[in-house]
Amino acid sequence: MIEPVYSAAPDRYEGKMKYRRCGKSGILLPEISLGLWHNFGDVDTLSNSRKKLHFAFDNGITHIDLANNYGPSYGSAEETFGHIMKTSFAPYRDELFISTKAGHDMWPGPYGEWGSRKYLLASLNQSLKRMNLEYVDIFYSHRYDPETPLEETLQALVDIVRMGKALYVGISKYPADKARFAYEYLKSEKVPCLLYQGRCNIINREPEEEGILDEAYNTGVGFIAFSPLAQGLLTDRYLNGIPEDSRVARGGFLKKEALTSEMLAKISELNSIALERGQTLAEMSLAWLLKDNKVTSVIVGASSVEQLSDNIKALNNTSFDEAELKRIDEIIKG
């Protein structure tokens, strides 16, 4: 069967998605962004990946988040996206905001990870080829490198913009003091940091506790949260045991050890609050992040169109009263 030519939904911007300004910039990002960390690699079917990306764009999700080693295997998520970019999204390139990153392990040898100029430039060149793109909208330093001078990493980001390989740059998972240095350096080079990407959810509040969220906001840098559902913990998926097709059962990044009796009790209590709000636990968890105007967007993964559709429903109610917030905090703090 020949796949029909994709035509984007004509009503994709008519109230399906909400958008927030990214720091002090001209960029608006959808409140829900689609991340291709899992479920888009060469172990997944192209047809399912295509369906999810089409559905996302048809519902106003303009931001697609990638990295060089997303898959598995490394690079395969970018290859999948590149195929769909060429066959479906080429007419819509200017409506899309596409990111990639480099910093983690990608290829063997001393130049295949961390923050050297050589690695960042080589990785981005490879990513652009895989994705069938001339440039990305934002390129991130995926993690802070304690061995490479930070000036080298940041100057590489500056030069990547000046070369026209990226329109904006960002940093991911940097410690607070290194993030502050990065903001100042990039601003001095007239290539301001657009986004800080950090792990943040109801359970893990480090960006808030360490001042990273406030620092970004006060500096005019957007904040985009990844792992908003704590790798699936903040869903109803594990309330009645471990499903055979779950990430825990498959031995992924979410380990069985994380599902302690104490954690399961907290998840159950959070689920009760969600049900009272007329939401699933996943919807409430996304809404909890989006209640804060310092958060520009949240990155969700999706194994199916149905899962992505459910996540988008979180936008129907992102308001919490003081009693709800207090109950949530008491549950998490024990």
Just the accessible area per residue of region 109-211, please: how many Å² with a 1.4 Å probe?
44
Among the GluC sites (Glu not before Pro) within region 101-171, which fall in a DSSP loop and have no more than 14 other Cβ atoms within 10 Å of their own Cβ?
E134, E147
H104, H63, reordered so the largest accessible area comes first (probe 1.4 Å)
H104, H63
So who's got an amide H within less than 5 Å of the one on S33, skipping anything under 5 residues away but keeping other chains? H placed 1.01 Å off N, in plane.
V298, I299, V300
Projected convex hull area of region 1-148, Cα atoms, direction-averaged, in nm², equals 9.9
Shape metrics for the chain, restricted to C-alpha atoms - Rg then Dmax, Å:
19.4, 55
For region 1-92, run through the GluC sites (Glu not before Pro) and keep only the ones in DSSP coil with at most 10 other Cβ atoms within 10 Å of their Cβ.
E14
With only helices counted (DSSP H, runs n ≥ 4, each -39500 (n - 2.57)), the per-residue ellipticity at 222 nm for the chain, to the nearest 500, works out to -11000 deg cm²/dmol
For the cross-link pairs K101/K190; K51/K266; K187/K294; K52/K190, which exceed 30 Å when the distance is taken from alpha carbon to alpha carbon?
K51/K266; K52/K190
Cα-based equivalent ellipsoid, region 144-217: semi-axes from gyration tensor eigenvalues, Å:
23, 13, 11
Can you tell me, using C-alpha contacts under 8 Å and at least 6 residues apart, the relative contact order of the chain as a whole percent?
17
Leaving out ligands, DNA and RNA, what percent of the accessible area of region 1-40 is carbon and sulfur, probe 1.4 Å?
57
Which values of log₁₀ I(q)/I(0), to two decimal places, follow from the Debye formula for region 1-73 at q = 0.18 Å⁻¹ with a uniform point scatterer at every Cα?
-0.83
Any chance you could run the full-extension gain for A265 through V43? It's 0.36 nm times the residue separation minus the Cα-Cα distance, nm to one decimal.
76.6 nm
Inter-part gap, Cα centre of region 134-208 to Cα centre of region 60-89, in whole angstrom, is 21
What part of the accessible area of region 43-178, given as a whole %, is carbon or sulfur when the probe is 1.4 angstrom?
52
Looking at region 178-219, which GluC sites (Glu not before Pro) are in a loop (DSSP not H, G, I, E or B) and have at most 16 other Cβ atoms within 10 Å?
E189, E210
If we count chymotrypsin sites (Phe, Trp or Tyr not before Pro) as exposed when they sit in a DSSP loop and have at most 15 other beta carbons within 10 Å, what is the longest stretch of the chain that avoids them all?
112-252
Region 43-197, relative contact order in percent, only Cα pairs under 8 angstrom and at least six apart counted:
18
Could you work out the local net charge near K118, counting Lys and Arg as +1, Asp and Glu as -1, over the other residues with Cβ closer than 14 Å to its Cβ?
-4
For I273, what charge total do you get from the other residues with a beta carbon under 13 Å from its beta carbon, if Lys and Arg give +1 and Asp and Glu give -1?
-4
5 angstrom amide H check on R237, placed H, neighbours 5+ away:
none
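The values are calculated or read from the model by the stated rules, or taken from the named source; none is laboratory data. This structure is a prediction, so every number in the text was calculated from the model and none was measured. With ideal geometry, Cβ positions are generated from the backbone for all residues, glycine too; neighbour counts draw on all protein chains shown. Just so you know, the surface numbers come from the protein's heavy atoms only, side chains and all, with ligands and any DNA or RNA stripped out. Shrake-Rupley method; radii C 1.70, N 1.55, O 1.52, S 1.80 Å.
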